Amino acid sequence: MDIGFLSESPIHLQQVIKLSDENKRLLGMLPYKAFEEAAEENRIIVAWKEDELVGYILFRISKRKRDIHITHFCVSRALRRSGVAENIFAYLKSSINDYRIIRLHCRSDYKLEDFWSGLGMFCKGQIPGRSNDRKPLKVWALQNPNDQIQAELDLFGKGVEQVVVDANVVYDLSANDNGTDSPVLMGDWLKDSY
């Protein structure tokens, strides 16, 4: 099995769209233009077995938050439960290093909890779906274990309030300027609490 980013070939893109159409009852509708844009932006990972498309992940990346949101995750019916999905997901994780979290929404009534948790994801909660009947969607997520900032917060942030400090306060404290209100933050009554 070969896994990689979708090539620029229109024939390959049509195969992704065909697999999507075959599974649209589960995936939901996605405009063809969205597939084209994702292909142009290198946001489709595909798996091939003997020149046949057997699965794909289509995703988007939030640059500001460094989040990856999986829009479509599809494996051909004949090869489900054969490791194809796990291999495509592993490729996604290994090829995009600078993400904070991978997330996706999946209908609760699909009963895929074991599959998603088997990929290392955890359920963060539930939101209403956008379909006419508003079936609930579970929000699944996987944090990047290499995200050092979040790892530090997780390690040192247990039971401690997290705050944002204005840079001017830090400058005031380091300058030991008694003419400002910032030194009051160094009082004994606050030092004991951190």
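The values are calculated or read from the model by the stated rules, or taken from the named source; none is laboratory data. Bear in mind the structure is a predicted one, so any value in this text is a computation, not a measurement. Because the Cβ atoms are built from the backbone with ideal geometry, glycine has one as well, and the counts that use them run over all protein chains shown. We work out accessible area using only protein heavy atoms, side chains counted, and drop any ligands, DNA or RNA first. Shrake-Rupley method; radii C 1.70, N 1.55, O 1.52, S 1.80 Å.
Observations
- The Cα atoms of segment 1-146 give a gyration tensor whose axes a ≥ b ≥ c have a/c under 1.5, which makes the shape rounded.
- Cross-link partners of Lys49 among lysines, defined as those whose alpha carbon lies under 19 angstrom from its own and excluding same-chain residues fewer than eight positions apart: Lys18.
- Straight-distance candidates among the lysines for linking to Lys63, with alpha-carbon spacing under 27 Å and chain neighbours fewer than 8 residues away dropped: Lys33, Lys93, Lys124, Lys138.
- Summing Lys and Arg as +1 and Asp and Glu as -1 over all other residues whose Cβ lies under 13 Å from the Cβ of Asp2 gives a net charge of -2.
- Spin-label model distance (nm) - Ala167 vs Asp133, 7 Å beyond Cα toward Cβ: 5.3 nm
- In this structure segment 16-157 gives 60 Å² per residue of accessible area when probed at 1.4 Å with all protein chains present.
- Amide H contacts under 5 Å for Lys135, placed H, 5+ residues apart: Gly129
- Note on segment 1-126: with neighbouring protein chains present and a 1.4 Å probe, carbon and sulfur make up 49 percent of its accessible heavy-atom surface.
- In order along segment 7-16, phi translates into HN-Hα couplings of 6, 6, 5, x, 5, 5, 4, 5, 5, 5 Hz, rounded to whole numbers, per the Karplus curve 6.51 cos²θ - 1.76 cosθ + 1.60 with θ = phi - 60° and x for Gly and Pro.
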